[in-house]
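The values are calculated or read from the model by the stated rules, or taken from the named source; none is laboratory data. These numbers were taken from a predicted model, which means no experiment stands behind them. Here the Cβ is made from the backbone with ideal geometry for all residues, glycine too, and neighbour counts use every protein chain on show. Each accessible area value is taken on the protein alone, full model and side chains, heavy atoms only, with ligands, DNA and RNA left out. Shrake-Rupley method; radii C 1.70, N 1.55, O 1.52, S 1.80 Å.
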Amino acid sequence: YYSLSLINNMEEVSVIIVGAGPSGLAISACLSQNFISHIILEKEDCSASLWRKNAYDRLKLHLASEFCVLPLMPHPPSAPTYLSKDEFVQYIDSYIACFNINPLYCRMVEFAAYDEVENKWRVEAKKTLEGTSETYVAKFLVIATGENSEGYIPDVPGLESFEGEIVHSKYYKSGSKYETKEVLVVGCGNSGMEIAYDLNDWGANTSILIRNPVHVFTKELINEGMRMLKHLPVHVVDNIITSLANMEYGDLSKYGIYQPKKGPFHLKFITGRAPVIDVGTIEKIKEGAIKVIPSHIVRIENKKVIFENDAEKEFDVIVFATGYRSVANKWLKDYKYVLNDEGMPNNDFPNHWKGDRGLYCAGLSNRGLFGVKMDVEAIADDINQTLKLH
């Protein structure tokens with residue numbers, strides 16, 4: 001059902017999707033249900049490259065599998081409650097096979113702009129293996145490159161002088177090569193906390209920088225909260241699960257971990273910042289096996305990291321679990337129709353996915369796979385309705 005017409009070396013379809021991660025694949029499946037012609041352009045040589053290539057070995061999905069499904073294909077009843085990285089990749093492969101999804105791999109999108117005369121999107125992609133270029137034209141363009149496209153490392157004075165190893169969490173696999181090394185983890189989100197645990201497990205002398213207040217929960221508490229949200233207001237759920245977490249962990253401020261004033265789900269909705277889902281790191285911190293540094297880095301000198309209050313320590317490795325940046329702004333000339341200057345949606349949730357001129361973004365709501373499903377269903381339905389009207 002791909003009715004591709006080749007005009008002056010341009011391929012024309014109804015929808016161009018950029019990115020073959022979970023968002024892009026799911027949109028393809030939903031469009032296929034309505035026989036809407038489309039293509040997926042993917043810069044890597046595989047689908048879901050972040051999961052296949054850039055996820056640490058011990059990664060498990062922190063939300064129950066019921067909240068980590070793509071449209072039209074639930075997990076089988078036999079699926080475990082919490083999927084491992086490999087189990088999720090198997091699910092992706094089954095999804096691709098089930099809906100006969102055929103992304104065009106090794107296509108680096110270099111330029112996309114809206115043609116005011118034709119009222120269509122023109123996308124130029126480089127075939128990275130051949131070094132040649134292709135041009136595609138479509139009425140609709142979907143940005144599905146995700147929040148986690150480019151690892152972000154903050155500008156730390158003297159970082160370039162550091163004599164040890166610097167690694168972003170995107171490229172961290174396991175702590176097996178860091179036994180007995182002094183390792184500093186910068187960032188106390190889920191990746192930072194889990195990497196700190198993994199490093200300690202492999203025998204590294206691990207410290208973690210925790211500058212900001214952070215909520216900590218067990219995965220069971222978070223999933224209970226997710227279920228409660230179907231029936232109760234956010235502030236009620238926040239009060240219940242925060243009280244239960246305090247009973248579970250006690251006062252963590254004596255270990256350098258402070259609780260935010262706002263509730264965890266409220267914070268997630270307004271800022272996109274997720275609470276930490278503890279994999280055992282808190283117990284290691286309480287034991288003193290993982291050291292918390294509750295300050296920020298002032299500067300780095302060779303192997304020495306100097307913190308505020310003139311505290312300092314030498315490290316062999318610094319792992320930056322400091323998040324990602326969207327890179328769509330680099331190639332999308334007319335991003336203003338849906339994105340801001342940071343490459344995130346112009347519009348607030350839940351209207352973030354839809355822009356003007358047939359431009360959409362999927363997977364940029366800071367709500368993980370749960371948010372991907374919501375975005376994709378809304379986008380596919382909107383495209384389908386628009387085409388019916390014309």
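A few comments on the model shown:
- Packing rank of 119-129, 341-351, where each peptide gets the mean count of other beta carbons within 10 Å, highest leading: 119-129, 341-351
- The chain, relative contact order [Cα under 8 Å, separation at least 6], %: 21
- Electrostatic dipole magnitude of the stretch 151-320 [Cβ: Lys, Arg +1; Asp, Glu -1; Cα centre; debye, to 20]: 620
- Structure-derived Rg and Dmax of the Cα atoms in Å - corresponding label in (1) 22.4, 68; (2) 22.0, 75; (3) 21.0, 70: (1)
- Around residue 121: net Lys/Arg minus Asp/Glu count, Cβ-Cβ under 13 Å: -3
- A full extension of the chain between residue 246 and residue 104 corresponds to an added length of 46.2 nm, given 0.36 nm per residue minus the alpha carbon distance.
- Within-14-Å neighbourhood charge of residue 137 [Cβ basis; K, R +1; D, E -1]: -3
- Mean separation of Cα contacts under 8 Å (6+ apart) over length of the stretch 151-320, as relative contact order %: 37
- Protection proxy ranking, peptides 185-196, 56-67, 71-82, average beta carbon neighbours within 10 Å, highest first: 185-196, 56-67, 71-82
- Helix-only CD estimate at 222 nm, as mean residue ellipticity for the chain, using -39500 (n - 2.57) per DSSP H run (n ≥ 4): -8500 deg cm²/dmol
- Local charge for residue 208 was computed over the other residues whose Cβ lies under 15 Å away, with Lys and Arg +1 and Asp and Glu -1, and equals -1.
- If both residues of a DSSP beta bridge must be in the chain, then about 45% of such bridges are antiparallel.
- In the full protein context, the chain carries 47 Å² of accessible surface per residue, based on a 1.4 Å probe and ignoring ligands, DNA and RNA.
- Rounded percent of accessible protein surface that carbon and sulfur make up, the chain, 1.4 Å probe: 49
- Of all DSSP beta bridges in the stretch 151-320, antiparallel share, percent nearest 5: 25
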